[in-house]
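**Q** After the structure tokens below, expect a handful of questions from me.
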Ligand SMILES: [Zn+2]
């Protein structure tokens, strides 16, 4: 039976990028929902301005990461929404407390640094 496990592992690695869908981009007005979905990035809009982006920590899923999008506050991120419904964040997200997660978010995917 061991070869089956090995074969499935190989298959999973081969198709990981294809099976594993990117993060969804969800735009909400003014308030984040109480419970954030896994594999979703939320853009909070208020009065027509993109105020912040938020997502569950992709490493530990124990806390929410908030990225300010307002240019007159620091630190500040830029979010780009692509035609395929995914989003990219700039610069990278680095949480120095909690789990210390550090990653780039590109086209709905997490790239660990
Ligand atoms: Zn975390």
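Please treat every number below as a calculation from the coordinates, not as lab data. For clarity, every value in this text was computed on a predicted model and none was experimentally measured. Note: ideal-geometry Cβ built from the backbone for every residue, glycine included; neighbour counts use all protein chains shown.
**Q** Assuming R0 = 35 Å, can you tell me the calculated FRET efficiency for the pair residue 13 and residue 74, based on Cβ-Cβ distance, to the nearest 0.05? Walk me through the intermediate numbers first.
**A** Details: r = 40 Å, r/R0 = 1.15.
Between residue 13 and residue 74 the formula returns 0.30.
**Q** Hey, in the GNM for the chain with a 10 angstrom Cα cutoff, which one of 22, 71, 91 fluctuates hardest?
**A** Comparing 22, 71, 91 in the GNM, the peak value goes to 71.
**Q** Give me the base-10 log of I(q)/I(0) for the chain at each q in 0.21, 0.22 Å⁻¹, Debye formula, one uniform scatterer per Cα, rounded to two decimals.
**A** -1.19, -1.28
**Q** What residue among 15, 49, 103 has the largest mean-square fluctuation in a Gaussian network model of the chain, using Cα springs under 10 Å?
**A** Checking each option, the largest mean-square fluctuation is seen for 15.
**Q** Report relative contact order for the chain in percent, whole number only (criteria: Cα-Cα under 8 Å, sequence separation at least 6).
**A** With pairs under 8 Å counted, the relative contact order is 16 percent.
**Q** Could you work out [θ]222 nm for the chain from helices alone, using -39500 (n - 2.57) per DSSP H run of at least four and dividing by all its residues? Round to the nearest 500 deg cm²/dmol.
**A** -5500 deg cm²/dmol
**Q** Now for a separate question. What nm value, rounded to one decimal, do you get for the distance between residue 32 and residue 94 when each label is placed 7 Å out toward the C-beta?
**A** 2.1 nm
**Q** Full-extension gain between residue 4 and residue 39, please, as 0.36 nm times their residue separation minus the C-alpha to C-alpha distance.
**A** 9.7 nm
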